[in-house]
1. Using the Karplus curve 6.51 cos²θ - 1.76 cosθ + 1.60 with θ = phi - 60°, work out ³J(HN,Hα) for each residue of segment 155-165 in order, rounded to whole Hz, and write x for Gly and Pro.
2. If you stretched the chain out fully between ARG33 and THR51, how much longer would it get, using 0.36 nm times the residue separation minus the C-alpha to C-alpha distance?
3. Using a basic spin-label model with each label point 7 Å from the Cα along Cα→Cβ, how many nm lie between MET163 and ASN142?
4. So which GluC sites (Glu not before Pro) in segment 66-125 pass both tests, a DSSP loop state and at most 15 other Cβ atoms within 10 Å of the Cβ?
5. Rank these for me by crowding, VAL202, VAL26, VAL89, going from fewest to most other beta carbons within 10 Å.
6. Using alpha carbons only, how many angstrom separate the centre of segment 212-246 from the centre of segment 49-105?
7. What is the Cα radius of gyration of segment 30-84 over 2.2 N^0.38 Å, N being its residue count?
8. Could you check the spin-label model distance between LYS73 and ASP188? Points 7 Å from the Cα along Cα→Cβ, value in nm.
Amino acid sequence: MSDKGHLGLLNLHCQDYHIDAFGQVVSLSALTRLAANASTAYQHIAPAKVTGVEQHRDNVDVLLDSGDVITTKLLILADGGRSGLAERVGIAKTVSDYHQTAIVFNVHTQMPHENKAYERFTDSGPLAFLPFDSEINGVKANGNGFSVVWTLETQAAKALMEMDKASFINALQQAFGYRQGKILRVSDTASYPLALTKAQQVTSHRTVVVGNAAQALHPIAGQGFNLGLRDLSALVSVLKSAVSQRSMSPRFEAR
Ligand SMILES: Cc1cc2nc3c(=O)[nH]c(=O)nc-3n(C[C@H](O)[C@H](O)[C@H](O)COP(=O)(O)OP(=O)(O)OC[C@H]3O[C@@H](n4cnc5c(N)ncnc54)[C@H](O)[C@@H]3O)c2cc1C
């Protein structure tokens, strides 16, 4: 961890904490494959968009853009929180805009990462380099790839996104420095406007919100996905024990 323009540096080693790693970078496609192979008990319908939700006394109807309607006893809404579906079932949210945007992309660097992750604090926002070997323009990283999350004030992020590749690499190199040598390659970028969001309640009639639909926070914590897993684990355990009691809502809220 370092603070651009200031003396000092903090090095943390997982061995000192008697653990194998502080964390892992996992690609979404690998996770999706894992989930798809984990069970044949569910049906994956894609592409599809949920256009509406209708709550009835004994079930919930989920309306798809194809015109199909799926009827379920319990709807678990894991839509990331931007579709407006939660609001339509009466779940209000408090939103506090960070006025920051995260730019996400992969890079290859001159020097190997040796499984080191960097968090660099700059005047314009934090910059994270996380070891992750990807392919960029047909070139596979060989122990020298990183997944980068660059958080900036929204106007500054817009200006960066409009730059040509060479200028972008130059700006990134300025912000990150040369601890990994030269930045050789940068993938295409994606950007995410950031806001602290919290659902005021996580249940509505026969409906539960989980993951970012329930809470979204600044990526600097690296916790959003993990909180989603926590939600699911809590939901599964509440559902298991509530089967006989026919009441789960207050207990899931409590967790
Ligand atoms: C830059 C950045 C870095 C991050 N880094 C970390 C990290 O290091 N560790 C960590 O734990 N978390 C991290 N997070 C947070 C993490 O990415 C999120 O918390 C997580 O992706 C939330 O998962 P989700 O399934 O709830 O929502 P999403 O990932 O948003 O998925 C929701 C899905 O629902 C789909 N959808 C939405 N509306 C509809 C509709 N009407 N019909 C059909 N489908 C719909 C969307 O297309 C999407 O596929 C980071 C986030 C950002 C932005």
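Just so you know, all these numbers are worked out from the coordinates, no wet-lab data involved. Here the structure is a predicted model, which is why all the values come from computation and not from measurement. FYI the Cβ positions are ideal-geometry reconstructions off the backbone, even for glycines, and counts take in every protein chain you see.
1. 5, 5, 5, 4, 4, 5, 5, 8, 6, 6, 4
2. Full extension of this stretch gives 3.9 nm more.
3. 2.9 nm
4. Loop-located and lightly packed - GLU114.
5. Lowest to highest Cβ neighbour count: VAL26, VAL89, VAL202.
6. Distance between centres, Cα-based: 16 Å.
7. Normalised Cα radius of gyration, segment 30-84: 1.27.
8. So the two model labels end up 4.3 nm from each other.
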